[in-house]
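Written below as structure tokens is the structure these notes are about.
The values are calculated or read from the model by the stated rules, or taken from the named source; none is laboratory data. These figures come from a predicted structure and were not determined experimentally. Glycine also receives a Cβ, built like all others from the backbone with ideal geometry; neighbour counts cover every protein chain displayed. Side chains are part of the model used for accessible areas, which takes the heavy atoms of the whole protein and leaves out ligands, DNA and RNA. Shrake-Rupley method; radii C 1.70, N 1.55, O 1.52, S 1.80 Å.
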Amino acid sequence: MVYLDYSATTPVLPEVLDSYNKVSSEYFGNSNSLHNLGIKSRELLESASKQVSELLNVGIDEITFTSGATESNNIALIGACLANKAKGNHIIVSKLEHPSIYAIVDYLVSIGFKVSYVNNTEEGVIDFEDLKRKMNEDTILVSICAVNSETGVRQPLKTIKQVINKFNSDILLHSDITQALGKVHVNFSDFDLASASGHKIYAPKGVGLFYKKNGVKCQKLLYGSEDVYHPGTPALPLIVSFSKALRISLHELDKKLEIVNKWNEKILKNFSKFESIKINNSKYCIPHIINISLMDIKPETFIHALEKHEIYVSSNTACSSGKLSTSVMALYNDKVRAETTIRISISCLTKLEEITVFLNAFNGVYDKLHSLNN
Ligand code: PMP
């Protein structure tokens, strides 16, 4: 099998799974219980939280473990809008967000908030002039993902925050960092709120992160016995797995980036041989995500043909498979290009032999399907 869909989800690392199993069996006490087993679990929870806060260089009270990025996006956007509605009712989002952000925005519009979509350049970076034009005295929140999940475009969050602050430093910046965390360096001082998922960094599914800078107002959406953003019994095995996966992901990050860059160049070099394939990446993209448009071949047909070779890639994001790629549309405004995308997402775990197997199969499948259509 050759797995090249790491941006959809990652396998759980064996050492992370070991921790999950160990914590499940040896630390099963409820970390809210007063007895010894509870205290043991509470101490482990505190040490996992401390590790995450140190790895991310943020305060321990600035992080909340959630069920994943979708939940974190909900808490951040709805919570921030509700808590700051006395200041205004306008929010701005980019055209390169994950579908969960647009679903939340639809809900916010249904309860009276107004939304503007900020333009991006052809290379995918936020158009600063358009951002300046779209901010007004009612703007309370801007949400821009750190890395787009379909094309890998990375946003200059620090500059975006500076542009916002120059207009009105009360406007909050939320960033969905799901596709950036563990792949590239993320500076948490660049934004006020952030969301991420563990299963993109080799932790199990069902755990994520919500970050809120101290002092930022954000209303809680869930109520329980504790006054926290994600109440209920802490999912200790998942939280410990998250902290371990994060530590491993961030270890020697630059070396891992070098490996991924090497595979990226190899794959793109192969694709550039085909005149009718369009490459949907710019110099602003992280090397982990390669996005192409086949133009005259349906992505589903192509993906299933590769699957016969036990090679797994995706069309656009796993969350909007089969639909037009909104990100490619936002970049090139070309319907055919946006309807025929294939996303190949690689990892530092990807091996040279896997790339070779993939490229051989890709070239064979492409030549066959392309000649059928021409
Ligand atoms: N945001 C981005 C950028 C993503 O790529 C994803 C996962 N595809 C999500 C949010 C949602 O993550 P989850 O499904 O883990 O909640």
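Between L34 and S371, take the C-beta separation as r, use R0 = 45 Å, and let me know the FRET efficiency to the nearest 0.05.
About 0.05, to the nearest 0.05.
Count the DSSP beta bridges whose two residues both fall in region 14-250, then state the antiparallel fraction as a percent rounded to the nearest 5.
Bridges in region 14-250 that DSSP calls antiparallel: roughly 40 percent.
In whole Hz, what ³J(HN,Hα) sequence does region 295-301 give by Karplus (6.51, -1.76, 1.60; θ = phi - 60°), x for Gly and Pro?
6, 10, 10, 5, x, 4, 4
Obtain the nm distance between the two label points defined at D334 and M1 by a simple spin-label model: each point lies 7 Å from its Cα along the Cα-to-C-beta direction.
Using points 7 Å along Cα→Cβ, the separation is 3.4 nm.
Roughly how many nanometres apart are two label points built 7 Å out from the Cα toward the Cβ at L55 and T9?
Taking the simple label geometry, L55 and T9 are separated by 2.0 nm.
Count the lysine pairs in region 226-289 whose Cα atoms sit under 18 Å apart, keeping only pairs 8 or more residues apart in sequence or on different chains.
9
Which of the peptides 87-93, 50-56 is most tightly packed, and how do the rest follow, judged by the mean count of other Cβ atoms within 10 Å per residue?
Listed from highest to lowest mean packing, they are 87-93, 50-56.
So which aspartates and glutamates pass the test for K351, namely a Cα distance under 18 Å, with those fewer than 8 places away in the same chain ruled out?
Leaving aside aspartates and glutamates fewer than 8 places away in the same chain, those within reach of K351 are D5, E252, D254, E258, E265, E310.
Please report, as a whole percent, how much of the solvent-accessible surface of the chain comes from carbon and sulfur atoms (probe radius 1.4 Å).
Here it works out to 53 percent.
Averaged per residue, what accessible area in Å² does the chain show with a 1.4 Å probe, protein chains only?
Accessible surface, normalised per residue, equals 44 Å².
Gaussian network model of the chain, Cα springs within a sub-10 Å range: biggest mean-square fluctuation belongs to which of S94, S325, S24?
Top of the fluctuation ranking is S24.
Given the -39500 (n - 2.57) contribution per DSSP H run of 4+ residues, what per-residue ellipticity at 222 nm results for the chain, rounded to the nearest 500 deg cm²/dmol?
Here the helix-only value at 222 nm equals -13000 deg cm²/dmol.
Quick one: 3J(HN,Hα) in Hz for region 79-86, Karplus 6.51/-1.76/1.60 with θ = phi - 60°, rounded, Gly and Pro as x.
3J(HN,Hα) across region 79-86, in whole Hz: x, 5, 5, 5, 6, 10, 5, 5.
At 7 Å along Cα-to-Cβ for each site, give me the label-to-label distance between N360 and D130 in nm.
4.4 nm
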